[in-house]
Each structure stands twice: as C-alpha cells, then as structure tokens.
Protein chains: 2
Amino acid sequence: MKRPDPAAVAAVRAELEAKLGAGQVSADPDQLEVYGHDESDMGDFAPQLIAFARSTADVQQVFRTAFAHQVPVTPVAARSGKSGGSLPLYGGVSLSLERMNRIVSISPEDLTAVVEPGVITGALMKAAEELGLFYPPDPNSWEFCSIGGNIAENAGGPRALKYGVTRDYVLGMQWVLPTGEALRIGKRTIKGVAGYDLCGLFVGSEGTLGVATEITLQLIPRPRKVMTALVIFKDVLEAARAVSAMLASGLLPRCLELLDDVSIRAIDGRGFSFPPGAGAAVIAEVDGNHDDALLLELEQLSQIAAAHGAIDTLLAQDDAQREKLWAARRVVSTALRALKPFKISEDIAVPRSKIPEAIAGFKALGARLGLTVATYGHAGDGNLHANILFDGPHQRPQVDEALAQMMRITVELGGTITGEHGVGYAKRAFLSLEQEPGLIAFQQRLKTFIDPLGLLNPGKIFESDG
Amino acid sequence: MKRPDPAAVAAVRAELEAKLGAGQVSADPDQLEVYGHDESDMGDFAPQLIAFARSTADVQQVFRTAFAHQVPVTPVAARSGKSGGSLPLYGGVSLSLERMNRIVSISPEDLTAVVEPGVITGALMKAAEELGLFYPPDPNSWEFCSIGGNIAENAGGPRALKYGVTRDYVLGMQWVLPTGEALRIGKRTIKGVAGYDLCGLFVGSEGTLGVATEITLQLIPRPRKVMTALVIFKDVLEAARAVSAMLASGLLPRCLELLDDVSIRAIDGRGFSFPPGAGAAVIAEVDGNHDDALLLELEQLSQIAAAHGAIDTLLAQDDAQREKLWAARRVVSTALRALKPFKISEDIAVPRSKIPEAIAGFKALGARLGLTVATYGHAGDGNLHANILFDGPHQRPQVDEALAQMMRITVELGGTITGEHGVGYAKRAFLSLEQEPGLIAFQQRLKTFIDPLGLLNPGKIFESDG
C-alpha cells in the first residue's frame, strides 16, 4: 500500500470539515506528529489528517468519506497501545475516539454500564466503585488507556487471573463496520445467545474490523475486602515454581504478579524498598468479603512460598501501602528504560507449568547474546512481559535474534506470541510461528469479507496485508 | 431447500461406508427415527443417513462427501438441545459426534483439559473434581448433554451467575469448516490474543459454521466449600424482588435459582417437600474455601430475603440434602409435563432489574389467554424459563399468541429471546423482534462466507435460510 496522494487527503479533509465541523478535523503538523507514535516504540508514522468523532454518525462519515477517496483510516484513542495497533503505517486518517468519552449510564440494579469508547478505563473503574460495583479488567495503563482501546486489544491485566479479560465484560456494542454500516450487536442482558457472537469476534480485532462507538459492559459487585502481600525470593526460578504451587493448591488469588531481579533493581527505592537479598518477588492479592478468610488465604500462600524458598512475606497493612506496592509494579516498564537507553517489551504467554522454563530460557538467551533480559508480569496466568534492554542500534542484530528466539521458545512451550498486547504491527512477523498458514489465510479472507477495500488499519496483524 | 434425492444419499452412503467403515454409517429406519427429534418437542425430522465420526478426518470426509452431492449435514451429539438445533430439517446426513468421547488429558498444573466433543459434560465435571479442579458450566442436562453441544449452543446453567458460560472456558479448538478445512484455533494458554478470536465467533454458532472436533478447556481450582439454602416465599414477585436485592447487596452467590408456584407444585413430594404456604422459592448457593465466610454470606442473604417477605430459609445440612435439592430443581422441566399433556419451554433473559416485571407480565398473559404459565430459572442473571402448559392442539392458537407476546414483552424490557438454549429452529421466527434487519442480513452474509453452499445445518437461526 502506498501513502495516499495529498490531493485525495485534501478532498477528505474538506468533506469532513464540512460534515463533522472544522474543529473536529486537524492537519496541524505538530498534532499529526503526536498521532504518529504510541507506547510500542515501533517508530513514527504520522497520519495526514486527524478526524475527531463525536458520534456514531461521525465514525460512519469518516469511513465513507475516506474510503471513497481510497484513503486508509486507523482508529486511535489514548495512544497507549504496546503493539503499534494505532499507528497509521501508510498515512491517511487517524480516526480519534477520544472525544467520545461519556459514561452514558451505570445501573447498580442491572450491574451494567454503558460507555463511549474514549472513556478512560480508570474513570469507569472509579465511577463503578463509587456505586459499590466493580469493573475488574485492569491493564497496567488504566490511568490513561481507554475502554475503546481495551476492546480493540482485548486488554488484560493483573486481575485477569481471577476475573478474566476485557472480552469477558462486553455484553453488547454499537459497532461501525468499514462499509460505514452501524450494527447494534450483542445484548443488554447478562446471558444471551441470539445469533452469532459478533462481540466475541470483534473484541480483540485490533481496529481492523470496525470500531465500537458505544459499549454495554457487565459489572460485578465490588469485593469488600482486598489484601495484598509481597513475597520475596532469592531468585526468579524459585518464585516461578512457588507461583505454580500456589495455583495447584486450589487457591485463586486475584493477582499473582512476578518481578525478576532486573525488574526489582529498576524499581527499588522508587517509593518502595526491597529487603537485601531480594532476587525476585511475587505480589499476591486476594479479595472477598471477609477479612478472616483473606488472612487465612494469604497465610496459606505464604506457607507455600516458604516451602519454595521464600525469604520473607510482607503484608500491606493498609490501602496506602497497597497502593504504594501497585504503583511500584506499574512503574516497572518505565523504570526499566532508565537502566539502558533502549528497551523492547514482549508479551508472551505460556501454559502455567512452563513459566519457570520460559523464564530460564529467556535469561539464558540474554546471557548468550550479551543483552539484559528482564522478565515480569502476570505469572499467575502465564502471561510474562520479557524485556530486552540494550545500549544502542549497534546491538540491533542481537536484539532481533533474541526476539525471534524468544518467540520460538514460547511457541515450543505451547505458548502464544501475545498474551494481552495484540499482534498489531510489532509482532505480525511472528504470527506464522504460532499459527498455521491455513488459519492465517482464513483470517485474511475474513478480514477481506468485512473490509473489502482493505483500507481499515492496513498492515496490522497479518504480514502480507502491507 | 428440498429433501435430497434418495439416489444422492445412496451415493453419499456408499462413499462414507468405504471411507469411514460400514459400522460408522447407519440408514436403519428405527435409528433414523431417533435422530429425528431432540428435547425441543419441535417435531420429527428424521435424517436419511447417520454418519458417526471418530476423528477430525472423518468429519472432514463427511462434509466433503455430502456437500459434493448437495446433501445437507446436521451435526448432533446427545440430542438434548432445547431449540431444535440438531434436527435435520431437510433430511440428509446427521453427523454424530457421540463416538468422539475421550477425555484426552487433564493438566492440574496448567488447569486445562483437552476433550473430544462427544464427552458428556458430567463426565468432565467428575474427572476434573477428582483432581481437585472445577469445570463450572452446568447446564441442567449435564448428566447427559455433551461438551460439543454445549459449545454449539454456548450453554449456561445455574452457576453462570458467578462463573460464566461455556464460551468463558473454551481456550482453543480443532475446528472443521463446512469446506472440510480443519483449523486449530485459539490457544492453549489462559490468556492469548494472537489473531481474531475465532473461538468467540464459533462458540454458540449452533452447528451452522462448522464443528469442533477437539476442545481445550480452562479449569479452575475447585472451591472447597459449597453451601446451599432454600428460601421460601409466599409469592413469586416477592421472591423476584428479593433476588434483585440480594444482587444489589454486593454478594455474588454462585447460583440464585427461582421457582414459581406452578413449578413448586410440580416437584413437591418428588423426593422433596415444600412447607405449607410456599408460593415461590429461591435456591441460593455460595462457594468458597471457608465455612465461616459462607455461613455469614448465607445469613446475609437470608436477612435480605426476610426483609422481602420470605417465610423461611432452610439450610441444606450436608451434601446429600444439597443433592436432593438440586435433583428437585433439575426435575422441574420434566415434572411440569406431568401437570398438563403439552408444554412449551421458553428461555428468555431480561436485565436483572426487570425480572419481577417479566414474571408478572407472563402470568397476566397466561391468565388472559386461559393457559397455565410456569416460570423458573436462573433469576440471578435474569435468565428465566417460562413454560406454557396446555391441554391439546385445540389450544395451539392461544399458545402461539402467548409465545409471541412473551417474546414481545421480553424484548420491550431490553431482554433477549434466548438466554442459553439458542435460536435453532424453535425461535428463528422471533429473531427479528430482537435484532435489526441489517444485523440479521450481516449474519446471513457471514454464514454464506463460511458455508457458501448453505448445506451445513440449514434452516437454523435465520428464517429465510429455509
């Protein structure tokens, strides 16, 4: 695909200014620059135009106008994606959903919420909490990512261990197809099986099959008690084995987060200090309605940890301590950047029994290639963020080699190349490691069935789309 | 669509006997008769041939052979469906998955199971339990329904309230498309977002988009304690309001099952006796790992019930009493048949706050049309089984009128025409009440994209397919 002719973009701009209003369209170079990157560090791909939708009709209009001029459209909201899903690889229009950011309603009686796609995930979490309700999916970026982006990527987070991922909370959506047709899919009830599960298909479709303009989400009653412990280990393999044992014990914590030695070093002292000798840590969090039960569960987890070589278990004494711990966990990704000038973050998942093997394999790989590898993440469900830290472009050949080997190790262990960030642009070259040619070809035919012109978010997920 | 020419079926039979083995194909009239009906009471639609698959390759062979001769194929396993999904409306081949009934493996470390589609749901539940694990989806028919059927219909059950439905436990599948192509879709890990979520699309596709020949399921640790209480009310509206209040209280029982006066009358004395004055009942079940916590939760539920007019709360004292209670609940559907010669069972779902309104509406409808209406079901998630009992075909006009009105009431309350049984053949005439023409048309185009010949389970879900 080629970058569209400026004349075609100018025509789209004129039409959209007329139909959406001049303030809803931007071709300001500085702003275009901003929309050219996200949290994937995959490079800069500035769009030629940004259109800010304020309604379903606006989204329909953007698709119809742009596609009539053969101009590609790439949906975007908070630009917090980690796989380059919102990067307009071939220019064209960035369709921003940021201004559709209303929480339309929350029903404590029905335990549902209706929201627009630009709502910040954390804003929904807080609004639900104030009503005694709970929206569990908690991507690390919840303070700034959007529900629309969570839906595009089927975002997970630490609590996925007990509560599942975004898709598990999507009941229904107003969905705009690339043809400009708007469909009300799904349901407003908790259960419902009328027709095909199009929400199932579209959640996680990475902005390539259409865009959600209104979402009905399921909420659950808010667990009234949460307790969090930090378990310290000498090394990461002991910690990983302890996590496996905890899960096999029959307990289901809501989070079991793992930090390896490099990750600990990166965040140590940033508002939180680790005891000496700490070579790995597990954050274990349980929830429910009764203090006694939770204390008992943490005690059991702590005993399992001790039996697997844990040095210490520290219980967060209050909400402030809990928040400190989680703030430290959330800052890992950023803090790792401070250790080395360059960082590539991976997002693999393996069957839970293979976690120790995967971590050991990644460490060995780093040692062999002279690269620092930091592994942390949602060990409870096998979803690990393996990070390669390096000094500069001169190490790029080793980094590429390491990435390819990591993916190979992961797939050989029965894992997936992406647990929660999506394939996007970052991993499309690796999809064929995990999926057979027939499966990839079928998905590409499905993409063409839904987006016949191939102009919605081109170049994502599949290599040959570009 | 017309019933295929016997010569075409004879040709399919000869080819399949050669390729699958003579013992895997049947044209025995008595057996054909058996495969002509299910638990929907929608009538008799005998196939012309039954093919018993023993492998993925067999399924591919059946599709290729039958479709080459323009003969339709209807997948079937336990014939326990309630919406006529496995009825071969236009004859042709019944493709039975019953003989693919192996539990391939269960991994306590990974918390996963790999099963063939003919495995009886209860057999998997028991095998998981023996290893300290838990497969939560519990359709009422778990003692005889199959995992493959559960996947086709995205089956729910009482525990869906806390644990979700079948789709929430499907990680990956070996899937055979109508073209005969076999795809390994999904993943073996708990999390994973590589490519489109085809499991999401195919689970609940009612045997119209292909067939699962191997399924990887997620299991969870088995909660070590379960407690069950029966709460007795004078009338069903009080009971329904109590259920709403229980959910709004912040508790999340694993089941909240409702029985109205007619349902109670039907099962009273069948191994279980209700106290005098009982006009409705709620079965509340909580689970967890600590007796004290569960007792406390049941106590809270009981207090809420009392505040809403409950006569009594009876706590099951041991597993035998629990099982007696659930056996009574499971027998409702059958017992209602004993009250009147004919019964039509509906499966609607409404937003939880609308449960009292829905029940009141159905009762009034029955009174107006001179029909007995019994409502019971999974009140906790708004999924109600409304049953119309009648004396004979002479009442059919009123019954049809009542059904149509029930669906209208449901949709007007923001509900769905099917909570867990599927549209199948039974409800295809009502789909347009719930879904816009554009949405139905899109789904039909999707069906044609995946099944270009339209020969896989024709006549299901969509009216004009027939």
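So A:Pro117 passes all but one of these: (1) open to solvent by 10 Å² or more (accessible area, probe 1.4 Å); (2) within 27 Å of A:Gln60 (Cβ to Cβ); (3) not assigned by TED's automatic domain parsing to the domain that holds A:Val71. Which condition number does it fail? Only one criterion is unmet by A:Pro117, namely (1). The condition of being within 22 Å of A:Ser333 (Cα to Cα), away from every other protein chain (no Cβ under 14 Å) and among the aliphatic types (A, V, I, L, M) holds for A:Ala386.
Considered as a group, the residues in the stretch B:100-114 that are of a type in the set (D, E, K, R) and open to solvent by 30 Å² or more (accessible area, probe 1.4 Å) include one that is farthest from the other protein chains (Cβ to nearest Cβ), and that residue is B:Arg102. So, A:Asp138, is that one out of contact with any Phe, Trp or Tyr (no Cβ under 8 Å at 6 or more places or on another chain), assigned to a loop (DSSP other than H, G, I, E, B) and within 13 Å of another protein chain (Cβ to nearest Cβ) or not? Criteria not met by A:Asp138.
Whether a residue is at the interface with chain B (Cβ under 10 Å from one of its Cβ atoms), assigned to a helix (DSSP H, G or I) and open to solvent by less than 20 Å² (accessible area, probe 1.4 Å) was assessed, and A:Leu403 does not pass this test. Just one of (1) outside any loop (DSSP other than H, G, I, E, B); (2) modelled with pLDDT of 95 or more; (3) open to solvent by 40 Å² or more (accessible area, probe 1.4 Å) fails for B:Leu453. It is (1).
Please go through the stretch A:370-400 and give me each residue that is assigned to a strand (DSSP E or B), in contact (Cβ under 8 Å) with a residue 60 or more places away in the chain, out of contact with any His (no Cβ under 7 Å at 6 or more places or on another chain) and not polar (S, T, N, Q), ordered by number. Those that are assigned to a strand (DSSP E or B), in contact (Cβ under 8 Å) with a residue 60 or more places away in the chain, out of contact with any His (no Cβ under 7 Å at 6 or more places or on another chain) and not polar (S, T, N, Q): A:Val373, A:Ala374, A:His378, A:Leu384, A:Leu389.
In this structure, B:Gln218 does not satisfy being surrounded by fewer than 24 Cβ atoms within 10 Å (Cβ to Cβ), under 24 Å from A:Arg445 (Cα atoms) and at pLDDT 95 or above. If you go through the stretch B:67-74 one residue at a time, do you hit one that is surrounded by fewer than 23 Cβ atoms within 10 Å (Cβ to Cβ) and within 23 Å of the chain's Cα centre (by Cα)? Checking the stretch B:67-74: not a single residue is surrounded by fewer than 23 Cβ atoms within 10 Å (Cβ to Cβ) and within 23 Å of the chain's Cα centre (by Cα). What do you reckon, is A:Ala280 away from chain B (no Cβ under 14 Å), under 19 Å from A:Ala335 (Cβ atoms), without any contact (Cβ under 8 Å) to a residue 60 or more places away in the chain and surrounded by 23 or more Cβ atoms within 10 Å (Cβ to Cβ)? Spelling it out, A:Ala280 is indeed away from chain B (no Cβ under 14 Å), under 19 Å from A:Ala335 (Cβ atoms), without any contact (Cβ under 8 Å) to a residue 60 or more places away in the chain and surrounded by 23 or more Cβ atoms within 10 Å (Cβ to Cβ). Screening the stretch A:1-26 for residues that are open to solvent by 30 Å² or more (accessible area, probe 1.4 Å), hydrophobic (A, V, I, L, M, F, W, C) and farther than 11 Å from A:His69 by Cα and picking the one that is modelled with the lowest pLDDT gives A:Met1. Please verify whether the stretch B:28-35 includes one or more residues that are open to solvent by 30 Å² or more (accessible area, probe 1.4 Å), at positive phi and assigned to a loop (DSSP other than H, G, I, E, B). No - not one qualifying residue is present in the stretch B:28-35. One residue stands out among those in the stretch B:332-352 that are in contact (Cβ under 8 Å) with a residue 40 or more places away in the chain and among the polar types (S, T, N, Q): the one that is farthest from B:Glu412 (Cα to Cα), which is B:Ser333.
One residue stands out among those in the stretch B:126-140 that are among the acidic types (Asp, Glu) and in contact (Cβ under 8 Å) with a residue 12 or more places away in the chain: the one that is least open to solvent (accessible area, probe 1.4 Å), which is B:Asp138. Here the stretch B:415-450 is the region considered, the condition is being open to solvent by 50 Å² or more (accessible area, probe 1.4 Å) and not in a helix (DSSP H, G or I), and the residue that is farthest from the other protein chains (Cβ to nearest Cβ) is B:Tyr425.
Pairs are defined by a Cβ separation below 7 Å, a sequence spacing of at least 6 or placement on different chains, a first member in the stretch A:234-252 that is more than 10 Å from chain B (Cβ to nearest Cβ), and a second member that is of a type in the set (Asp, Glu); the pairs so defined are A:Val236/A:Asp260; A:Val236/A:Asp261.
Of all residues in the stretch B:283-298, those satisfying the criterion of being of a type in the set (A, V, I, L, M) and facing another protein chain (nearest Cβ under 7 Å) are B:Ala293, B:Leu296. Checked across the stretch A:284-292, the condition of being in contact with a Cys (Cβ under 8 Å, 6 or more places away or on another chain), under 24 Å from A:Gly122 (Cα atoms), of a type in the set (Val, Ile, Thr) and at pLDDT 95 or above holds for no residue.
Results for (1) acidic (Asp, Glu); (2) open to solvent by less than 40 Å² (accessible area, probe 1.4 Å); (3) in contact with a Ser or Thr (Cβ under 6 Å, 6 or more places away or on another chain); (4) in contact (Cβ under 8 Å) with a residue 12 or more places away in the chain, shown as yes or no for each residue.
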{"position": "B:Leu298", "(1), (2), (3), (4)": "no, yes, no, yes"}
{"position": "B:Ser302", "(1), (2), (3), (4)": "no, yes, yes, yes"}
{"position": "B:Ala310", "(1), (2), (3), (4)": "no, yes, no, yes"}
{"position": "B:Glu323", "(1), (2), (3), (4)": "yes, no, no, no"}
{"position": "B:Lys354", "(1), (2), (3), (4)": "no, no, no, yes"}
{"position": "B:Arg368", "(1), (2), (3), (4)": "no, no, no, no"}
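Hey, among B:Phe63, B:Phe134, which residue is outside the structural domain of B:Val203 (by TED's automatic domain parsing), aromatic (Phe, Trp, Tyr) and modelled with pLDDT of 95 or more? Sole residue among the options that is outside the structural domain of B:Val203 (by TED's automatic domain parsing), aromatic (Phe, Trp, Tyr) and modelled with pLDDT of 95 or more: B:Phe63.
The values are calculated or read from the model by the stated rules, or taken from the named source; none is laboratory data. Keep in mind that what you see is a predicted model, and the values were worked out from it rather than measured. All Cβ positions, even for glycine, are placed from backbone atoms using ideal geometry, and neighbour counts span all protein chains on display. Just the protein is used for accessible areas: all its heavy atoms, side chains included, with ligands, DNA and RNA removed. Shrake-Rupley method; radii C 1.70, N 1.55, O 1.52, S 1.80 Å.
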